[in-house]
Amino acid sequence: MAKGMILAAGQGTRVRPLTRDLPKPMVPILGKPVMEYLIEHLARHGITEIMVNVAYHHQKIEEYFGDGSRWGVEIGYSYEGVRESGDVVPRPMGSAGGMRRIQDFSGFFDQTTLVLCGDALIDLDITAAIAEHHAKGAVASLVAMDVPLAEVNSYGVVLAGADGRIESFQEKPQPADAKSTLASTGVYIFEPEVLDLVPPGKVYDIGSELFPKLVDQKLPFFVQNRPFHWIDIGRVSDYWTVLQRVLMGEVPDMKMPGKEVFSGVWVGLNVSIDWDRVKIKGPVYIGSSSRVEAGAVITGPAWIGNGCLIRSGARITRSVLFEYTRIAADMHFNEMIVSRHYCVDRHGETMYRGDDHTPLRWGDARA
């Protein structure tokens, strides 16, 4: 039917510090990397041969996903880097340049290919999108979504004719200047000949360089405006919002793991919780081997990762704790993302453990 390409070589600078130790596609949602949801979705639609371009923290992706057999797919990796002073360092080739590099290496893209960004959640009807792509005789299709006019300055906007043929783009226009509210979702469908337009061996971008070339050459390049859930994790504030929505059950097909022990409260295995002397208001998930001491208060939506420790009197309000995070006694973490090393509020402001400028105290729960 088609092959798959997941773009996963970026540095994820806009979601730091979440990507300090992780590549962006490995940032977890309900305990699973974002990219895992994409691979599951591709498999559901019969796309079982998937290439992933990698660079920063590439081992984290390759070690977790391996050859893809756990998901019933085959996964291959294309590392993008150079040798400098005897060391190999990552150097991404750009979204289009990375695909051209794979094509020059093996000719992998020999049929219709669905291209996805590795850092967004989608539930697109892939089968229908590819069918429309073929029906229109397109060499390239871009899946877009209508967004509110007030939000267009956060997106690349697509302008198309009545038949859906793409005529031009606007990059993050102000609402008063926007000629369209169709936002590019980073979901593309390519025929192999599209990659012939990408110069070999160069850093080259799909959105800013390849797409304008398709328009200039008047090739059959179409937009598809499809209803589907598209959740982009562009910034830390987006990540916090996504997690709140997921925990509230607002995102289809994303179910809370563990066992529901009370209404709206799920737990993993081997938890230690003084149920009679804690206050927990769901939706809340408490991960395996986590401990919640007497007097603690957890107000959902909240996610407590595996191996966490919440000390007596601590309050966790609409927050997310990554695995092995210890919250000190009587501390109040409100609308935050917390790891062993740092915490980030919902607006993206970061504080580090031991920072003299914050009264909050937290650390590593492993010892």
### Summary
Taking every C-alpha to C-alpha distance in region 236-364 and binning by 10 Å from 0, the per-bin percentages run 14, 49, 31, 6, 0
#### Entry: Spherically averaged projected area of region 110-262 from its Cα convex hull (nm²)
11.6 nm²
### Share, in percent, of DSSP beta bridges within region 3-232 that are antiparallel, nearest 5
55 percent
### Under-20-angstrom lysine pairs by C-alpha in region 3-232, whenever the two are 8 or more apart or on separate chains
8
### Message
If you restrict to DSSP beta bridges whose two residues both lie in region 203-347, what percentage is antiparallel, to the nearest 5?
### Response
20 percent
### Task
Using only Cα atoms, find the angle between the long axis of helix 95-106 and the longest principal axis of the chain, and express it within 0 to 90 degrees, rounded to the nearest 10.
70 degrees
### Message
Among Pro252, Pro220, Pro283, which one shows the highest mean-square fluctuation when the chain is modelled as a Gaussian network with alpha-carbon springs under 10 Å?
### Response
Pro252
### Task
Might you report the magnitude of the Cβ-based charge dipole of region 258-367 about its Cα centre, with Lys and Arg at +1 and Asp and Glu at -1, to the nearest 20 debye?
200 debye
#### Entry: Tilt relative to the chain, helix 236-247 - C-alpha long axis, 0 to 90 degrees, to 10
70 degrees
### Task
Using only Cα atoms, tell me the angle between helix 34-44 and the longest principal axis of the chain; keep it within 0 to 90° and round to the nearest 10.
60 degrees
### Message
Helix-only estimate, please: 222 nm mean residue ellipticity of the chain, summing -39500 (n - 2.57) across DSSP H runs of length 4 or more and dividing by its residues, to the nearest 500.
### Response
-4500 deg cm²/dmol
### Message
If I take the Cα coordinates of region 117-194 and project them onto the principal axes, what are the three extents in Å, biggest first?
### Response
36, 28, 20
### Message
Checking a compactness column here: for region 86-127, what do you get for Rg(Cα) / (2.2 N^0.38 Å), N being the number of residues?
### Response
1.52
### Query
Given that compact globular proteins tend to follow 2.2 N^0.38 Å, what is the ratio of the alpha-carbon Rg of the chain to that value?
1.07
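Suppose the chain between Gln217 and Lys172 were pulled fully straight at 0.36 nm per residue; how much longer would it get relative to their current alpha carbon spacing?
Value of the extension gain: 13.8 nm.
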### Task
At 7 Å along the Cα-to-beta-carbon direction for both Ser106 and Ser272, put a label point, then send me their distance in nm to one decimal.
4.8 nm
### Query
In debye, nearest 20: dipole of the chain around its Cα centre with unit charges on the Cβ of K, R (+) and D, E (-)?
1000 debye
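Since every read-out is calculated from the coordinates, none of them should be taken as a lab result. Bear in mind that the values here come from a model prediction, so they are computed numbers and not experimental data. Here the Cβ is made from the backbone with ideal geometry for all residues, glycine too, and neighbour counts use every protein chain on show.
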